[in-house]
Amino acid sequence: MTDVQAQEVARRKVVNRLRRAQGQLAAVTAAVERGESCRDVVTQLAAVSKAIDRAGYVIIANSMRECVAGEGETELTAEELEKLFLSLA
């Protein structure tokens, strides 16, 4: 698999993860509108949050790989990558 193909696969994974999170968020909104229990709403909300965080980590990991390999359009310094990573924590 070429680097370009690997990047495309990674991009599709992130998009799929974000679409799932979008669906989960719609379910959380509907649960709140229906007046479902706090426990159910918070559990669903935590799942959305985790899915979004994981998407962010994948994006940053891919950027780090590109930087280390000296490839891609990513022009982030190590400090910028660290700041992005920590912003998810």
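Rule-based calculations on the coordinates, nothing more; no lab input. None of the values given here were measured: they were computed from a predicted structure. Note: ideal-geometry Cβ built from the backbone for every residue, glycine included; neighbour counts use all protein chains shown.
Directionally averaged projected area (the chain, Cα convex hull): 6.6 nm².
Hey, with R₀ at 41 Å, roughly what FRET efficiency would A6 and R34 work out to, going by the Cβ-Cβ distance, to 0.05?
Working: r = 42 Å, r/R0 = 1.03.
Computed FRET efficiency for A6 and R34 comes out at 0.45.
Helix-only arithmetic for the chain: the sum of -39500 (n - 2.57) across DSSP H runs with n ≥ 4, divided by the residue total, places the mean residue ellipticity at 222 nm at -30000 deg cm²/dmol.
Annotation for E80 and Q22: the two label points, set 7 Å from Cα along the Cα-Cβ direction, are 2.7 nm apart. For the chain, the membrane-span-like helix rule (DSSP H, alpha carbon extent of at least 27 Å along the helix axis, mean Kyte-Doolittle at least 0.0) picks out 38-69; this says nothing about an actual membrane.
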